[in-house]
Amino acid sequence: MILTRRTPLARTAQTIALEHARSVAQRVPRRLAQWRLHVLDRLLDDLEQMRLDGERTLPDDVSAAIEAFARAHDPTLLQGIADRPRRDITTAQDRLFDAQGRVMLELASLGGGASWADIEEMYEQDEAA
């Protein structure tokens, strides 16, 4: 009731609400990129486990999962897997690593992760020490 009038308290509450909405809206792209990175990590882990188990071709369900992810989130990945045999684990891993790199660069541009330059600098500092 007190917030319906244009009192200083109402203006402050409205300002806080607007700033909160702006803050949430700015975090959405970063959170989506973090989620995409997590999904790519899981897919790569699964492919590596298949490789260790001696498999060389993708099962239909894994191929479908990669294609569905690419269709929804990464047109470059979708094009990359469309250009190659979909059943090859090595090709799928290469394409997923490329997609992971793109997401990492996106996260760095959004302020949500280290850039490749930051990682290389960290390794150079470790080697120098």
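Relative to the current alpha-carbon distance between Leu32 and Ala72, full extension at 0.36 nm per residue lengthens the span by 13.2 nm. Remark: the Asp94-Glu48 segment gains 15.4 nm on full extension, using 0.36 nm per residue and subtracting the alpha carbon distance.
Model label points for Asp126 and Arg102, set 7 angstrom from Cα along the Cα-to-Cβ axis, are 2.8 nm apart.
With a simple spin-label model that places each label point 7 Å from the Cα along the Cα-to-Cβ direction, the separation between Asp41 and Thr15 comes to 3.9 nm.
A short reminder: the numbers here are calculations on the coordinates, not readings from a lab. Owing to the predicted nature of the structure, the values given are computational and were not obtained by experimental measurement. As a convention, Cβ positions derive from the backbone with ideal geometry for all residues, glycine included, and neighbour counts pool all protein chains shown.
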